[in-house]
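Comments concern the structure below.
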Amino acid sequence: MQASTEHKKGFFYKSGLYRYKKYGALSLMLLPVIIYYLVFHYASMYGAVIAFKDYSFMKGIIGSPWVGLANFRRMFMSDSFFEVFRNTLVISLYKLITGFPAPILFAILLNELNGGRFKKTVQTISYLPHFLSWVILGGMFMQLLSLGGPINIFLKKIGLDPVFFLGDVRYFRSVLVITSLWKSIGWSSIIYLAALTGIDPQLYEAARIDGAGKIKQIIHITLPSLIPVITIMFIFSVGSIINDDFDQIFNLYNEAVYSVGDVISTYNYRIGMINNEYEYSTAVGLFKNVIAIVLIFITNFTAKKFNDYGIW
């Protein structure tokens, strides 16, 4: 009997359940969060079965007939889907190549600033665009980049032809990458700035005594200390390659640039909300989420092989 009790007690402690009992009041504070995720994230997953049905609004999810993988076959046989899939990957890769290292470099540069007031001013200015919605920014960039906007007025004054940046397939992707970087660089640098504060100042003092300049300190102390954070953020960034920025593209694109700017989320919006093809839209969304999960697993596995850091 005593052995059985000790075994149960050992299991109780090993499972970590004793912590929830010990800190019962704090555990109750988690309850609203748990309910939120159960109701709005997990319970709603049931709607994914629409992708395998010929959905009828009048019949509902349960009453609609099953069609198996018909919606997925339609998706893989659609030329328009592969066009938006390619656009999604290309735009996201461009953003990853430019947008991932930029906050790291920006955080390191801010960390090297000595003037406290100037440093705070730069940080505040860089954070502000993050709090502006793409509805506001979309209208602002449409005015700036229009044929009669200040940028084209400047181009005319220096003898160049005006460019319709938001209506020209040669420039539209570049506009998306640059505007996205401008909006996110300050906010994305916060986590790296927080990591930089955790580096032991004695490491820099020892490096200065050994004659190492700023560049060598950054290469041999700062960057190696940021590797765990960089690895985790890179895994998240790769996982979001397939998850394009709907708000940005929807507020900036037009029919003239569909061939290079139409992505999965905008395509999904048209077929789901405008054409009312809910089952096909759900199939496209489900496919996108599966790809995102696979990318996260592959990137996490690869990162663990190289530097032993990862999400799990």
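The values are calculated or read from the model by the stated rules, or taken from the named source; none is laboratory data. Since the model is a prediction, treat every value here as computed from it, not as a measurement. Cβ: placed from backbone, ideal geometry, glycine included. Neighbour counts: every protein chain shown.
From Ile190, Ile209, Ile215, Ile221, which residue is surrounded by 15 or more Cβ atoms within 10 Å (Cβ to Cβ) and farther than 20 Å from Gln123 by Cα?
Criteria check complete, one pass: Ile221.
Looking at Thr88, Thr124, which is the one that is polar (S, T, N, Q), under 30 Å from Ile221 (Cβ atoms) and in a helix (DSSP H, G or I)?
The match here is Thr124.
Give the residues of the stretch 266-307 that are within 24 Å of Pro65 (Cα to Cα), of a type in the set (D, E, K, R) and either free of Cβ contacts under 8 Å to residues at least 12 places away in the same chain or outside the structural domain of Val84 (by TED's automatic domain parsing) (or both), sorted by residue number.
Within the stretch 266-307, Arg270, Glu277 qualify.
Filter the stretch 87-113 for residues that are over 18 Å from the mean Cα position of the chain (by Cα) and surrounded by fewer than 16 Cβ atoms within 10 Å (Cβ to Cβ) and give the result.
Leu105, Leu109, Glu112, Leu113, listed by residue number.
Can you find a residue that is surrounded by 17 or more Cβ atoms within 10 Å (Cβ to Cβ), more than 26 Å from Ala107 (Cα to Cα), modelled with pLDDT of 85 or more and in the same structural domain as Ala102 (by TED's automatic domain parsing) anywhere in the stretch 240-249?
Checked against the condition, which is being surrounded by 17 or more Cβ atoms within 10 Å (Cβ to Cβ), more than 26 Å from Ala107 (Cα to Cα), modelled with pLDDT of 85 or more and in the same structural domain as Ala102 (by TED's automatic domain parsing), the stretch 240-249 yields at least one hit.
Name the residue, out of Ile136, Ile104, Ile97, that is among the aliphatic types (A, V, I, L, M) and in contact (Cβ under 8 Å) with a residue 60 or more places away in the chain.
Ile104
Can you pull out every residue in the stretch 88-121 that is farther than 26 Å from Phe172 by Cβ and touching a Leu at 6+ places or on another chain (Cβ under 6 Å)?
Scanning the stretch 88-121 gives Ala107, Asn111, Lys119.
Working carefully through the options Ala256, Ala283, find the one that is surrounded by fewer than 17 Cβ atoms within 10 Å (Cβ to Cβ) and in contact with a helix residue (DSSP H, G or I) (Cβ under 7 Å, 6 or more places away or on another chain).
Of the residues listed, the single one that is surrounded by fewer than 17 Cβ atoms within 10 Å (Cβ to Cβ) and in contact with a helix residue (DSSP H, G or I) (Cβ under 7 Å, 6 or more places away or on another chain) is Ala256.
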